[in-house]
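To start, the structure under review is shown below, and the notes come after it.
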Amino acid sequence: QAEPQHIFILSYFCILGQCCFFTCCLYEYHFIEENKSWSEAQRYCREKYTDLAKVFDMTDMSRLRNSTQNQGEAWIGLNNNTGGNRTWHWSLPGVEYIQNDSSWDQNGRTEPGPGNCGRKRYDNGDKKLAGVSCDHPMWFICYDDKKTLHLIETFINWTEAQSYCRYNYTDLASGLDQVDGEEMKTLFNGRPMSVWMGLFRDSWRWSDGSDFSFRYWDMELFNDEQSNKTCAMTLLNRSGKWSSDECDKKNHFFCYDDNLILIKENKTWEEALYYCRENYNDLVSITNSDKQYWIQEKVKQANSTYVWLGLRYTCTLGFWFWVTDEVVEYKNWDSDGTTDGCDMSGAMNSGSLHKWSKQADNKMFNFICSKK
């Protein structure tokens, strides 16, 4: 059966002007030149925008700094009010940490000392991760945008290694596919050594609940042991790097306004499409990995197994397309593939790795709308 032709016409011949770049469509930063405590700033942002600002990567940091001429201090939405409950993260933005006990030493996460940075040791058959003090000097392994690993034979601490990799490559090696992969084994070549991986844990959390792992601490000023300074701020006169202060201190602050919304109602794909077009702009499209990472944070909050995207298969022409008229170049399909999909549309898994899959149009899921 062919798909409803009116849906295809609406989408395929949409106005090109409605499409826009990642940086202007997903969210916007707003600098608020009022002095408020961190909690007052949080309340203000939630009432007038979405929340206190969160930061995904260095591109976001540039956008944040460029949104104001001010060179002072300003609150962001990171706080350490978790009672010291530390969580592991991968350094590379967008790589989600999924617990896998088989990758750790037996005592890798319980050994004494700070143990908040991850190293991998190759010695006497031991090829597993362990949490050790971040101050230890070690060699380290960087990752570049060509997905190549580089062993750097210089002894420095974890923070210095991260800065080196981010400046000269992309980041420290992150994710089990890199850390446990064949290329990693080739780098070691049977030599006994311990090296830094892009693995760290901390107790800092974003105001809106997002699990973004990006941190940009100014290590000359920031001390994670200062238990009375549990709210983060960006130091605009120090390249935007972060420090922390007592949350009652009055500061300017950054809000962000999200241009996407998760609708926690179960509807068919066509119902979701019309709901978005009548109440917002359209069903969401994902055209690059940055959009994927931002949207997968939203789908974690869904109450359905899958979440509809604006991705549709046309039997008439035999291809997948975004209803916002963007070409399907970036892909994040699961292993099921995308062969013949009459009466099928694309949805993202709300758990696990947040892959896309084709689902029958008449199934009922939550969905994400774009606001502009």
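The values are calculated or read from the model by the stated rules, or taken from the named source; none is laboratory data. Computed from a prediction, not measured in an experiment: that's the story for all the values here. Note that we place each Cβ from the backbone using ideal geometry, even for glycine, and neighbour counts take in every protein chain shown.
Below are the figures for this structure:
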| item | result |
| --- | --- |
| Selection within segment 37-53 - within 24 Å of the chain's Cα centre (by Cα) and assigned to a loop (DSSP other than H, G, I, E, B) | Tyr49, Thr50, Ala53 |
| Candidate set: segment 169-195, residues that are in a strand (DSSP E or B) and closer than 21 Å to Asp57 by Cβ; chosen: the one farthest from the chain's Cα centre (by Cα) | Leu172 |
| Any hit, segment 315-329, residues being hydroxyl-bearing (Ser, Thr, Tyr), in contact with a Gly (Cβ under 9 Å, 6 or more places away or on another chain) and over 29 Å from Asp60 (Cβ atoms) | no |
| Single residue of segment 59-86 satisfying the filter (at pLDDT below 90 and polar (S, T, N, Q)) that is nearest to Gly240 (Cα to Cα) | Thr59 |
| Given (1) closer than 23 Å to Cys165 by Cα; (2) surrounded by fewer than 21 Cβ atoms within 10 Å (Cβ to Cβ); (3) touching a helix residue (DSSP H, G or I) at 6+ places or on another chain (Cβ under 6 Å), number of the condition Lys291 does not satisfy | (1) |
| Considering residues of segment 341-372 that are in a loop (DSSP other than H, G, I, E, B) and among the small types (Gly, Ala, Ser) only, the residue modelled with the highest pLDDT | Ser350 |
| Matching option when the condition is buried (at least 17 other Cβ atoms within 10 Å of the Cβ), outside the structural domain of Lys48 (by TED's automatic domain parsing), closer than 19 Å to Asp211 by Cβ and among the hydrophobic types (A, V, I, L, M, F, W, C), among Ile286, Ile263 | Ile286 |
| Residue satisfying all of: in segment 308-340; under 21 Å from Lys372 (Cβ atoms) and at pLDDT below 90; surrounded by the fewest Cβ atoms within 10 Å (Cβ to Cβ) among these | Val327 |
| The one condition in (1) buried (at least 21 other Cβ atoms within 10 Å of the Cβ); (2) out of contact with any helix residue (DSSP H, G or I) (no Cβ under 7 Å at 6 or more places or on another chain); (3) assigned by TED's automatic domain parsing to the domain that holds Gln71 that Lys250 fails to fulfil | (1) |
| Test for Lys249: is it farther than 22 Å from Lys372 by Cβ and either in contact (Cβ under 8 Å) with a residue 60 or more places away in the chain or small (Gly, Ala, Ser) (or both) | yes |
| Exclusive hit being of a type in the set (Val, Ile, Thr), more than 19 Å from Asn362 (Cβ to Cβ) and in contact (Cβ under 8 Å) with a residue 12 or more places away in the chain, set Thr305, Thr287 | Thr287 |
| Strands (runs of 3 or more DSSP E) fully within segment 196-306 counting 1 or more residues that are out of contact with any Asp or Glu (no Cβ under 9 Å at 6 or more places or on another chain) | 251-258, 260-267 |
| Cys276 buried (at least 17 other Cβ atoms within 10 Å of the Cβ), modelled with pLDDT of 95 or more and closer than 21 Å to Asp361 by Cβ | yes |
